[in-house]
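Taking it in order: structure first as structure tokens, then the write-up.
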């Protein structure tokens, strides 16, 4: 969905979405409640920027508690009929929805590119992952059959999985389509109703998601969208009509949302930030390691919680580091490297680099001060490699969320693991080696929920679930894959006796 009169040189279509209204030439995003587009009566709006060009493309309103009440009421009213719909019928809607994602792949990719700034190839990969997530949800009828057992003569016990209720999903800016699809398909196929609160920075992709879900046959009220900022999130956490909350974003906010939501007696699963360590051993394959690490640190401009951000070089690996720098220099902002999300993000990332340099680190590849011809106002940071970083430096400990790799040196594998394990985060860790025994040694000892061997972005594919450890996740279970079933359902246990003639015992 590129918007009519969309003020971007790469706009590809002229269809004006019903999810926005145009007043005096300004596009303002609308909420989606009860199957209808609803204007938000709020004096407060924020700009939606195209990061590649540094230009405003729309405005997003900040919904208040009254708007949240309306969305919750819609979801609760739809829950009774939707939860009673057989799971196979719910899954059929997502068979159709997956086909619509495939049909509209180019348009959806262009929209992600417009509002997020990532390259078209990266945007396309994001939609392809959304397709995979939707496809997996269609297998739920095979994954949640009930269990039944005759536990005593004439006495049967049965277990069924039933939906939790109304789920609020709060999603970040870095994947406007993929991260919402971490929750939307599984949540809905499992019989819950839903309120999506997309990032106020990238609200446009969610509008098209709502349109396609409706086209696939999803009943009104089952899926709702409410836009806003902190007040909106707090209202969702506090609302007694919401049964569960998921969140993806920074660790500080994830922790706050988890505390607030669970304090209101809700289920909560909140994913935070990361500082992912790649341990490179002397026997690592030079070419494969260099290209893989370069792609990991720069993909999506480093704005992903699985990006390589800290490399621990064990022993003599200088040749690989040199080859890595060659690969990194081939990644060009505005060509095969997208923009970061905002001017503030660009300034923060460059400040991390400068402070590391001032603290004694060596800049091998410097991405500061980048200007892309034809996109002079865009928010670009070039790929940056920093060597001889000490573990006590801020750039070694904090999430930079940009195309920046900090290299630390270690004498042996145990020292490298000690550095990795000292991190407060625990999303991912990878090891680059040709030795299977050393790979297992690292995999067994690294403190992270997702481990890679010669893989810079070890994201599990469906049906395996996504989720980290430590301060990268708050709550029990994972947000995708088969593990998500535990979060989005609860167990109903039924014990039945029909024959009064059965022999009596303690279970009767």
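The values are calculated or read from the model by the stated rules, or taken from the named source; none is laboratory data. On a predicted model such as this, the values are computed, not experimentally measured, just so you know. Every residue, glycine as well, gets a Cβ built from its backbone with ideal geometry; the counts of neighbours run over all protein chains shown.
Which residue pairs have Cβ atoms under 7 Å apart, sit 6 or more places apart or on different chains, and have a first residue in the range 454-467 that is without any contact (Cβ under 8 Å) to a residue 24 or more places away in the chain and a second that is buried (at least 19 other Cβ atoms within 10 Å of the Cβ)?
Qualifying pairs under 7 Å: 460/450; 460/466; 460/481; 464/481; 465/478; 465/480; 465/481; 465/484.
Looking only at the range 457-508, which residues are under 19 Å from the mean Cα position of the chain (by Cα), modelled with pLDDT under 95 and outside any loop (DSSP other than H, G, I, E, B)?
none
So is residue 381 over 14 Å from residue 277 (Cβ atoms), touching a helix residue (DSSP H, G or I) at 6+ places or on another chain (Cβ under 9 Å) and part of a loop (DSSP other than H, G, I, E, B) or not? Working first, answer last.
Details: over 14 Å from residue 277 (Cβ atoms): yes; touching a helix residue (DSSP H, G or I) at 6+ places or on another chain (Cβ under 9 Å): yes; part of a loop (DSSP other than H, G, I, E, B): yes.
It is true that residue 381 is over 14 Å from residue 277 (Cβ atoms), touching a helix residue (DSSP H, G or I) at 6+ places or on another chain (Cβ under 9 Å) and part of a loop (DSSP other than H, G, I, E, B).
Name every residue in the range 100-150 that is free of Cβ contacts under 8 Å to residues at least 60 places away in the same chain, more than 28 Å from residue 379 (Cβ to Cβ) and surrounded by fewer than 23 Cβ atoms within 10 Å (Cβ to Cβ), in order of residue number.
The answer is 102, 103, 131, 138, 141, 142, 145, 146, 147, 148, 149, 150.
Determine the pairs where a residue that is surrounded by fewer than 18 Cβ atoms within 10 Å (Cβ to Cβ), located within the range 205-230, has a partner that is modelled with pLDDT under 95 and assigned to a helix (DSSP H, G or I) with Cβ atoms under 8 Å apart, the partner being 6 or more residues away or on another chain.
Matching pairs, first to second residue: none at all.
Inside the range 60-83, can you point out the residues that are surrounded by fewer than 23 Cβ atoms within 10 Å (Cβ to Cβ) and either within 23 Å of the chain's Cα centre (by Cα) or assigned to a loop (DSSP other than H, G, I, E, B) (or both)?
62, 64
Kindly establish whether residue 87 is buried (at least 16 other Cβ atoms within 10 Å of the Cβ) and either under 20 Å from residue 205 (Cβ atoms) or touching a strand residue (DSSP E or B) at 6+ places or on another chain (Cβ under 7 Å) (or both). Please lay out each step first, then the result.
Details: buried (at least 16 other Cβ atoms within 10 Å of the Cβ): yes; either under 20 Å from residue 205 (Cβ atoms) or touching a strand residue (DSSP E or B) at 6+ places or on another chain (Cβ under 7 Å) (or both): no.
Taking the combined requirement at face value, the residue does not satisfy it.
Can you find, within the range 40-59, the residue that is nearest to the chain's Cα centre (by Cα) among those that are outside any strand (DSSP E or B) and at pLDDT 95 or above? Don't jump to the end; show me each part of the working.
Applying the first criterion (outside any strand (DSSP E or B)) to the range 40-59 yields 40-44, 51-54.
Remaining after also requiring at pLDDT 95 or above: 51-54.
On the way: 51: 19, 52: 21, 53: 24, 54: 24 Å.
Among residues in the range 40-59 that are outside any strand (DSSP E or B) and at pLDDT 95 or above, the one nearest to the chain's Cα centre (by Cα) is 51.
Among the numbered criteria (1) surrounded by fewer than 24 Cβ atoms within 10 Å (Cβ to Cβ); (2) free of Cβ contacts under 8 Å to residues at least 60 places away in the same chain, which single criterion is violated by residue 165?
(2)
Give me the residue from the range 398-414 that is touching a residue at least 40 places away in the same chain (Cβ under 8 Å) and over 19 Å from residue 346 (Cα atoms) and, out of that set, nearest to the chain's Cα centre (by Cα).
407
What are the residues in the range 173-209 that are in contact with a strand residue (DSSP E or B) (Cβ under 6 Å, 6 or more places away or on another chain), more than 23 Å from residue 95 (Cβ to Cβ) and in a loop (DSSP other than H, G, I, E, B), if any?
200, 203
Just wondering, is there one or more residues in the range 393-414 that are in a loop (DSSP other than H, G, I, E, B), touching a helix residue (DSSP H, G or I) at 6+ places or on another chain (Cβ under 8 Å), in the same structural domain as residue 448 (by TED's automatic domain parsing) and over 30 Å from residue 54 (Cα atoms)?
To start, the set of residues in the range 393-414 that are in a loop (DSSP other than H, G, I, E, B) comprises 393, 398-403, 411-412.
Among the residues that remain, those that are also touching a helix residue (DSSP H, G or I) at 6+ places or on another chain (Cβ under 8 Å) are: 393, 398-403.
Then drop every residue that is not in the same structural domain as residue 448 (by TED's automatic domain parsing), which leaves 393, 398-403.
This time we only want the ones that are over 30 Å from residue 54 (Cα atoms), so: 393.
Taking every residue of the range 393-414 in turn, at least one turns out to be in a loop (DSSP other than H, G, I, E, B), touching a helix residue (DSSP H, G or I) at 6+ places or on another chain (Cβ under 8 Å), in the same structural domain as residue 448 (by TED's automatic domain parsing) and over 30 Å from residue 54 (Cα atoms).
What's the total number of residues in the range 336-371 that are touching a residue at least 60 places away in the same chain (Cβ under 8 Å) and over 20 Å from residue 295 (Cα atoms)? First the steps, then the outcome.
At the first step, the residues of the range 336-371 found to be touching a residue at least 60 places away in the same chain (Cβ under 8 Å) are 336-343.
Cutting the leftovers down to over 20 Å from residue 295 (Cα atoms) gives us 342-343.
Qualifying residue count, the range 336-371: 2.
Hey, any hits in the range 289-301 for a residue that's farther than 28 Å from residue 113 by Cβ and either in the same structural domain as residue 319 (by TED's automatic domain parsing) or in a helix (DSSP H, G or I) (or both)? Before the answer, list the steps.
So in the range 289-301, the residues farther than 28 Å from residue 113 by Cβ come out as 289.
Okay, now just the ones that are also either in the same structural domain as residue 319 (by TED's automatic domain parsing) or in a helix (DSSP H, G or I) (or both), so 289.
Yes - at least one qualifying residue is present in the range 289-301.
Inspect all residues belonging to the range 306-314 and state whether any of them is without any contact (Cβ under 8 Å) to a residue 24 or more places away in the chain, in the same structural domain as residue 395 (by TED's automatic domain parsing) and either out of contact with any helix residue (DSSP H, G or I) (no Cβ under 6 Å at 6 or more places or on another chain) or not in a strand (DSSP E or B) (or both). Give the steps one after another, and end with the answer.
The first filter runs over the range 306-314 and keeps only residues without any contact (Cβ under 8 Å) to a residue 24 or more places away in the chain, leaving none.
There is no residue in the range 306-314 that is without any contact (Cβ under 8 Å) to a residue 24 or more places away in the chain, in the same structural domain as residue 395 (by TED's automatic domain parsing) and either out of contact with any helix residue (DSSP H, G or I) (no Cβ under 6 Å at 6 or more places or on another chain) or not in a strand (DSSP E or B) (or both).
Answer with yes or no whether residue 215 is part of a helix (DSSP H, G or I) and closer than 18 Å to residue 38 by Cβ.
Numbers: part of a helix (DSSP H, G or I): yes; closer than 18 Å to residue 38 by Cβ: no.
Against the criterion (part of a helix (DSSP H, G or I) and closer than 18 Å to residue 38 by Cβ), residue 215 does not qualify.
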